[in-house]
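Report on the structure given below.
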Amino acid sequence: MRLQLELLKPEHYLRQQNVHSTIVVFGSARLLSPMQARANLVALEDRARANLVALEDRARSQSGDPALETEISYARRQLEYSRYYEEARRFSKTVSRRFQQEGRRDFVVVTGGGPGIMEAANRGAFDAGARSIGLNITLPHEQEPNSYISPDLCFQFRYFGLRKMHFLLRARAMVAFPGGYGTFDELFETLTLIQTGKVRPMPVVLVGERFWRRVIDFEFLVEEGMISRQDLDKFTIVDTADEAIAVLQNFYQGVPPV
């Protein structure tokens, strides 16, 4: 019964809201907004300075705090990656404003409904006064829906399989920002379904050139014969929201698919 409910309930509400097509946006739940990332780094650097003063007062009888130094290094990387939060927000705002019209909703942004990049994408649609979808799932961590999802388009899942199916039922594009296991899982499942003809061809856009070219060596897969050269055409790597939007426009010639 729960499987049936998770299949039918989102479908009922998406039809009721006249959602015809979607853009799936994935990315790390751990990425912070620039404001949060900067505040975290400043707080840690203040702690480090306070520790340094204390050490000087004790004539440096002890070394610095290695754990704190590690935290600061991580916080600096978080601040660097926070630009993708803004890129995801801008991407979603632009496509939501361009394609959602009264009476018909195309290219509606759908995310996993959590924090980080997911929050940024739902927030961009919110900024545009448009609808967006959150397909949340019960997890030990990161399971709370973000506050920018359209309330009647926020769904809670227990099963990954049905959640993944709903991600792709109306999908006309997938945009992946830097992320971890969950992002890779969704990315490779989508590429596999396109490769095997189980879903119609669609743009798959990876945002963050430096990240994606280092984290996955696609050329190595070709050289080792694990994928064909043509499989590289199933995705595009870009670095900004504007470039991602251009890929979608080129694929669909600026017109949302029926």
Q: Quick one: which residues, 5+ away or cross-chain, put their amide H under 5 Å from the amide H of Ile227? H built at 1.01 Å from N.
A: Val222
Q: Would you work out the relative contact order for the chain, in percent, from Cα pairs under 8 angstrom that are 6 or more residues apart?
A: 22 percent
(Q) Regarding the range 127-258, what's the average projected area of the Cα-atom convex hull, expressed in nm²? (A) 9.6 nm²
Q. What distance in nm separates the simple spin-label points at Leu68 and Arg47, each placed 7 Å from Cα in the Cβ direction?
A. 0.8 nm
Q | DSSP-defined antiparallel bridges as percent of all bridges, the chain, nearest 5 | A | 10 percent
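May I ask you to compute the full-extension gain from Asp127 to Asn250, defined as 0.36 nm times their residue separation minus their alpha-carbon distance, rounded to one decimal in nm?
Here the segment from Asp127 to Asn250 would lengthen by 41.8 nm.
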Q: List Tyr252, Tyr148 from most exposed to least, where exposure is judged by having the fewest other Cβ atoms within 10 Å.
A: Tyr252, Tyr148
(Q) To make sure I understand the rule: partners must be lysines, Cα under 28 Å from the Cα of Lys234, and not fewer than 8 residues away in the same chain. Which ones qualify? (A) Lys93, Lys164, Lys198
Q | Dipole of the chain, positive direction: furthest Cα of Thr70, Asn122, Ala29, with charges on the beta-carbon | A | Asn122
Q) About the Cα centre of the chain, what is the dipole size in debye to 20, counting +1 per Lys and Arg Cβ and -1 per Asp and Glu Cβ, all else neutral? A) 840 debye
Q: Enumerate by residue number the GluC sites (Glu not before Pro) in the range 204-258 meeting two conditions: DSSP loop (anything except H, G, I, E, B), and at most 12 other Cβ atoms within 10 Å of the site's Cβ.
A: Glu224
**Q.** For Arg105, residues with placed amide H under 5 Å, excluding near neighbours
**A.** His20
Q) What are the extents of the Cα atoms of the range 208-256 along their three principal axes, listed from largest to smallest and rounded to whole Å? A) 38, 22, 10
Q: Would you compute, for the Cα atoms of the chain, the largest minus smallest coordinate along each principal axis and list the three values in descending order, in whole Å?
A: 72, 47, 38
**Q.** Separation of the Asp233 and Arg213 label points, Cα + 7 Å toward Cβ, nm
**A.** 2.2 nm
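No value in this document is a laboratory result; all are computed from the given coordinates. Quick caveat: nothing in here was measured; it's all calculated off a predicted structure. Ideal geometry is used to build each Cβ from the backbone, glycine not excepted, and the neighbour counts take in all protein chains shown.
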